[in-house]
Amino acid sequence: MALKALLRQLSPSPTNSPRQTKPQPSNLFSRMPLRLILIVPFVLQVSAAVGLVGFLSFRNGQKAVSSLANQLMNEVSLRVDQHLTGYLSSAQQVNFINRSAVQAGLLNFQNAERTGKYFWKQLQVYDFAYINLGHVETNEFIGAGYVNGKMEIAESFKPQKGTLYAYAPDAWGNRIYPPANIYKDTNPNLEAWYTNAVAAGKLTWSAIYAWEGVETTLAISASSPVYDTSGKLVAVTGVDLSIAKIDEFLSKLEVAKGEKIFIVERSGALVAQSGRQSYQIWQGQATRLNARDSSDRVTQNTMQYLSQQFPDLNAIQVPQQRVSEIEGQRRFVQVTPYRDRFGLDWLIVVVIPESNFMQQVDENNRTTVLLCFLALVATVVLGIITSRWISGPILQLSLASEAIAQGARNANANGELNQEIPVRGAKELRTLAGSFNHMARQLKASFNELEEYNAELEQRVDQRTRELRLSETQLQVQAQHLEQTLYELQQTQVQMVQSEKMSSLGQMVAGVAHEINNPVNFIYGNLVYADEYVKELLDLVKLYQQHYPHPPAALQAKLQAIDPEFLQEDLIKLFRSMNIGTTRIREIVKSLRNFSRLDESEMKPVDIHEGIDSTLIILHHRFKSPKLQSSEISVVKTYGTLPLVECYPGPLNQVFMNLLSNAIDALEEEMRQGSVLSPTITITTTTENHWVTIRIADNGAGIDAAVQSKLFDPFFTTKPVGQGTGLGLSISYQIIVEKHGGRISCQSAPIHGAEFVIEIPIEQEASQFAKNVTTTA
């Protein structure tokens, strides 16, 4: 009877029964069956994951292709640049050599046969079309080169003006008489190689032109005027280069299917291109083309695209990379400027089809899409099967639970609690079914024992209350322990952060010092020889002035303009200044390496003064900071005689850095306000009773007594927000006290400055103990 009364109390009242309660609005999920709840989110997640994987795969493929194409275009452009530099600069070098030979009298028109043979030998080394030498006054000419694929040595002299004799050379470069060809009414000295050099007055390039003698070939000439000792123009040397050689190189350089390489001038005129000639033959003569008029469709369309992107090609000063639709196909385009110091200004254009790289990517994308679709179908099928497998036993559990609840509401628990459901399905469902059956049996037994437990309830509540009070006391104790642990954790975190910062800083400083040291040592080592060479050259100039006191008028004007006496004095001063500068840099590099101490992570005997001096050198720029409105900060060092001190060099240098930086900050603030006239930092070292004392003092504003007690607390700082972390002095305290077993303190009073005192033992306890044991033994 008591059990039935209890069930009636637990059951809802008739007025609040589910049948009489007003239905509450339900959301979408509450109306969905369990099977859909199991299938839909699972399918959506798999679909999203598969779609994301496919999209990322496609994007990564595109990025990889773009990166690979850029690398390939950079490599091709670099190879073209290197070839042009080697091919074109060799022509200017030969011009310089020939000009020097003419000035030295080694090449002349009096011995035309030797000069022609000399040119023949140069052509055996260099891949040139022709080498020329023309006389200015007599209009004479000597040259050697290839005409229609055959070597010839040609000359034209004053008695035969307008007639050019061309000889075929033998295997040793000697002429074979009679002449193989005689050209009438010709004057090589009217061609571009000659006239451009006379107009420029220096080593220069001619415009690209149809080559004289072989009009179906384009050429470019490198030429140089030759002056005598009085500055008078006497001759012109030249080297002709065939544009077909550049076309041939570009054709051999193609490394990818469909790749196109061409070179244009800033005007758009085509210089050379791969695969086809860069010019056309019109009425028996080679004629230049604009790249937009090229017979090659890729070159033509690429130039039209570049003209749209860059209306003025002179605006291209750095390499440019683009992706464009050319000839119905996406292509990667790179434009790279090419210049030399003799006036050439060309653009190297490399075009690579995207299809060269995207074929495999497209195949992979198709495979990925197919696998994603199959995975989605398999997921849906497995989801339906799994949901049925899971929801069937759960539905039976739901019906049995509802029957038990209905029996409780009807006060007929004994009949409804006898629910049993079959044990089948997955392991978890079998376990759940077994647990439900066991729960039903236990619930029935619990109802029987409920009345007995009701009597004991108050007693257990009182006991639990006492336990909670005891637990509250224990929690307070644990909270205190946690607070202490948190403080220790913060200290450890601060040490780890600063240690990592100093390690990274030390690695960076050591790396920078090493990289600077090599070129500085090279400069420093060669300054002595440079100084000696300059002195010898100056002595040579003096001897020239003694033996040739009356030089020509042009040389006298030049001497008056440059003032040799001033140059001699200033050049010696310049080398002295350079020597002082490199010595200064070496000292700074040495100080950086000493300060970083990356290879000295263990405790060892070191020179304290060396660490202080290294720190001062690193901070030297702050003593003369442009922030200071008055005089610079003076440093007074009063060093005592100290032995080697056993310590950690790197952390100890960090302490010196923190203290000196704080002193400089304090003095800078006072100097901005005009409160100190002679800012000074004093460093004093002494030793007493196996202890070393380092004092770092400044004559700034000082520190209040209330602030001194918090100086070594973590995160405490007197600086404005954003100018200090409050960790420097805290870490310095840990380094001195915890790592070295020493002491650090601050002695200060307002207006009288501040002094930090560091005391550390000369030898640590472990080392002293080991020494005592060794002595005793």
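The values are calculated or read from the model by the stated rules, or taken from the named source; none is laboratory data. Because the structure is a prediction, the values reported are computed rather than measured. With ideal geometry, Cβ positions are generated from the backbone for all residues, glycine too; neighbour counts draw on all protein chains shown. What goes into the accessible areas is simple: the full protein's heavy atoms, side chains included, and nothing from ligands, DNA or RNA. Shrake-Rupley method; radii C 1.70, N 1.55, O 1.52, S 1.80 Å.
For (1) open to solvent by less than 40 Å² (accessible area, probe 1.4 Å); (2) at pLDDT 65 or above, each residue gets a yes or a no:
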site	(1), (2)
10	no, no
44	no, yes
55	no, yes
68	no, yes
76	yes, yes
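Of 172, 193, all but one fail to be of a type outside the set (A, V, I, L, M) and modelled with pLDDT of 90 or more; the exception is 172. Among residues of region 658-676 that are under 28 Å from residue 734 (Cα atoms) and free of Cβ contacts under 8 Å to residues at least 60 places away in the same chain, those with a beta-carbon under 6 Å from a residue that is open to solvent by less than 40 Å² (accessible area, probe 1.4 Å) and not β-branched (Val, Ile, Thr) at least six positions away or on a different chain give the pairs 660/619; 667/679; 667/698; 667/700. Of the strands (runs of 3 or more DSSP E) lying entirely inside region 231-350, those carrying at least 1 residues that are among the aromatic types (Phe, Trp, Tyr), under 35 Å from the mean Cα position of the chain (by Cα) and surrounded by 15 or more Cβ atoms within 10 Å (Cβ to Cβ) are 260-265, 329-339. Look at (1) open to solvent by 50 Å² or more (accessible area, probe 1.4 Å); (2) in contact with an Asp or Glu (Cβ under 6 Å, 6 or more places away or on another chain) and you find that residue 649 fails only one, number (1). Total residues in region 543-578 satisfying the condition of being under 25 Å from residue 228 (Cβ atoms), open to solvent by 70 Å² or more (accessible area, probe 1.4 Å) and free of Cβ contacts under 8 Å to residues at least 24 places away in the same chain: the figure is 14. Flag set for residue 226, criterion: farther than 23 Å from residue 127 by Cα and of a type in the set (Val, Ile, Thr).
Pairs linking a residue in region 453-475 that is assigned to a helix (DSSP H, G or I) to a residue that is of a type in the set (S, T, N, Q), with Cβ atoms under 9 Å and 6 or more positions apart or on different chains, are 453/446. Is it the case, given these coordinates, that residue 388 is out of contact with any strand residue (DSSP E or B) (no Cβ under 9 Å at 6 or more places or on another chain), basic (Lys, Arg) and at pLDDT below 70? Here the answer is yes, as residue 388 does meet what is asked.
Of all residues in region 312-336, those that are of a type outside the set (A, V, I, L, M), at pLDDT 90 or above and out of contact with any helix residue (DSSP H, G or I) (no Cβ under 9 Å at 6 or more places or on another chain) total 3. Is it the case, given these coordinates, that residue 614 is within 25 Å of residue 686 (Cα to Cα), at pLDDT below 70 and surrounded by 17 or more Cβ atoms within 10 Å (Cβ to Cβ)? Spelling it out, it is not the case that residue 614 is within 25 Å of residue 686 (Cα to Cα), at pLDDT below 70 and surrounded by 17 or more Cβ atoms within 10 Å (Cβ to Cβ). Scanning region 617-636 for residues that are surrounded by 14 or more Cβ atoms within 10 Å (Cβ to Cβ), at pLDDT 70 or above and hydrophobic (A, V, I, L, M, F, W, C) returns 617, 618, 619, 623, 633, 635.
Every residue, every condition in (1) open to solvent by 60 Å² or more (accessible area, probe 1.4 Å); (2) acidic (Asp, Glu), yes or no:
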| position | (1), (2) |
| --- | --- |
| 80 | no, no |
| 105 | no, no |
| 112 | no, no |
| 124 | yes, no |
| 130 | no, no |
| 137 | yes, yes |
| 143 | no, no |
| 148 | yes, no |
| 156 | no, no |
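Within region 53-102, the set of residues being farther than 29 Å from residue 250 by Cα and either touching a residue at least 12 places away in the same chain (Cβ under 8 Å) or among the basic types (Lys, Arg) (or both) comprises 53, 54, 57, 58, 59, 61, 98, 99, 101, 102. Residues of region 140-167 that are part of a helix (DSSP H, G or I) and touching a residue at least 12 places away in the same chain (Cβ under 8 Å): 158 alone. Yes or no: region 271-286 includes at least one residue that is out of contact with any strand residue (DSSP E or B) (no Cβ under 8 Å at 6 or more places or on another chain), more than 14 Å from residue 246 (Cβ to Cβ) and free of Cβ contacts under 8 Å to residues at least 24 places away in the same chain. Looking through region 271-286, at least one residue is out of contact with any strand residue (DSSP E or B) (no Cβ under 8 Å at 6 or more places or on another chain), more than 14 Å from residue 246 (Cβ to Cβ) and free of Cβ contacts under 8 Å to residues at least 24 places away in the same chain.
Here's the yes/no breakdown for (1) surrounded by 18 or more Cβ atoms within 10 Å (Cβ to Cβ); (2) aliphatic (A, V, I, L, M); (3) at pLDDT 80 or above:
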site	(1), (2), (3)
710	no, no, no
723	no, no, no
730	yes, no, yes
735	yes, yes, yes
743	no, no, yes
746	no, no, yes
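Taking region 168-197 as the range and being touching a residue at least 40 places away in the same chain (Cβ under 8 Å) and open to solvent by less than 40 Å² (accessible area, probe 1.4 Å) as the test, the residues that pass are 169, 173, 175, 188, 189, 193, 194, 197.
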